[in-house]
Amino acid sequence: MTPDFLLQAYRRGFFPMAVKPGHIEWFSPSSRGILFPNEFHIPHGLRRCLKAQKWRATVDTAFPEVILACSKREETWIDDIIFHTYCHLFSSGHAHSLEIWLDSELAGGLYGVAVGGVFFGESMFHKRSNGSKVALKVLVDLLKAGGFLLLDTQWTTPHLEQFGIRAVPRAVYLSLLKNALNVSAQFPQKGEIPV
């Protein structure tokens, strides 16, 4: 799996997962999780959390650490091939990480790939309560500011649905994808950003 091949797969509606170490499979689910950034919903609990804690956010300052933290779970689809390929995409400016800090600790974060007006969210994690939720909220703020039309979450869950993420049929997704890929959106430069 090369970075160029991976970018072409995203453009065609596919994403990779390691089903076991060293074995990558490609997915294009019949039902795809998406979010239009302008339809993001902030649950009341997250609003309180944002006010109660002194969160800090950065972009692209700890990409390897974020992807490794995302891989630290009982069942993971992130193997060495996935790790190294996405690190190459990061070096070329296509993959990005968003880090959330609390008391100088990496409290949560996410990573994904930006192509045109689409951000393909790959994975997120939290080490502190609400760390991944804060990361998602900050990501959506960035996507709105940068002119992105679509956040692809691949799947949807009841947890994600509380934020406005919904499932659409593959044909609808592919149509939305085609339109959004033609948009020239801007992901922010490396550094600290507002929460």
message = Where in the chain is the longest stretch that carries no GluC sites (Glu not before Pro) classed as loop by DSSP and with at most 16 other Cβ atoms within 10 Å?
response = 76-195
ask   = By how many nm would the segment from H41 to I24 grow when fully extended, if each residue of separation counts as 0.36 nm and the alpha-carbon distance is taken off?
value = 2.8 nm
task = Anything in the chain that counts as a DSSP H helix reaching 20 Å or more along its axis (C-alpha) with Kyte-Doolittle mean of at least -1.0? List them, would you?
result = 131-146
query = For the chain, what does -39500 (n - 2.57) per DSSP helix run (n ≥ 4), summed and divided by total residues, give at 222 nm, in deg cm²/dmol to the nearest 500?
reply = -10500 deg cm²/dmol
ask   = Taking neighbour Cβ counts within 10 Å as the exposure measure, how do M124, M17 sort from fewest upward?
value = M17, M124
query = Dipole magnitude of the chain about its Cα centre, charges +1 at Lys/Arg Cβ and -1 at Asp/Glu Cβ only, in debye to the nearest 20?
reply = 620
ask   = Relative contact order for the chain using alpha-carbon pairs under 8 Å, separation at least 6, rounded to a whole percent?
value = 31
Net charge contributed by nearby residues that have their C-beta within less than 12 Å of S31 (K/R +1, D/E -1) = +3
request  = Excluding residues fewer than 8 places away in the same chain, name every one of the lysines whose C-alpha is closer than 26 Å to that of K190.
outcome  = K51, K54, K72, K127, K133, K137, K144
inquiry  = Could you tell me which residue out of L136, L110, L151 lies farthest along the dipole of the range 67-195 toward its positive end? Charges go on the beta carbon: Lys and Arg +1, Asp and Glu -1, centred on the Cα centre.
reply    = L151
Kirkwood-Stokes translational diffusion coefficient of the chain, alpha-carbon pairs, 20 °C, 1.002 mPa s, µm²/s = 128
ask   = Which ordering of W77, W26, W101 is given by a fewest-first count of other beta-carbon atoms within 10 Å?
value = W26, W77, W101
query = Exposure proxy check: D4, D79, D103 ranked by fewest other beta carbons within 10 Å?
reply = D103, D4, D79
inquiry  = Less than 12 Å Cβ to Cβ from F5, Lys/Arg counted +1 and Asp/Glu -1: what total charge do the surrounding residues give?
reply    = +1
ask   = Quick one: net charge of Q53's neighbours, Cβ under 11 Å, K/R +1, D/E -1?
value = +4
task = Enumerate the calculated ³J(HN,Hα) couplings along the range 102-107 in order (Karplus 6.51 cos²θ - 1.76 cosθ + 1.60, θ = phi - 60°), each rounded to whole Hz, writing x wherever the residue is Gly or Pro.
result = 9, 6, 6, 9, 5, 8
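Every number here is computed from the coordinates shown, using simple stated rules; none is lab data. Please read these numbers as outputs of a predicted model, since none were measured by experiment. Positions of Cβ are backbone-derived with ideal geometry, glycine not excepted, and every protein chain shown enters the neighbour counts.
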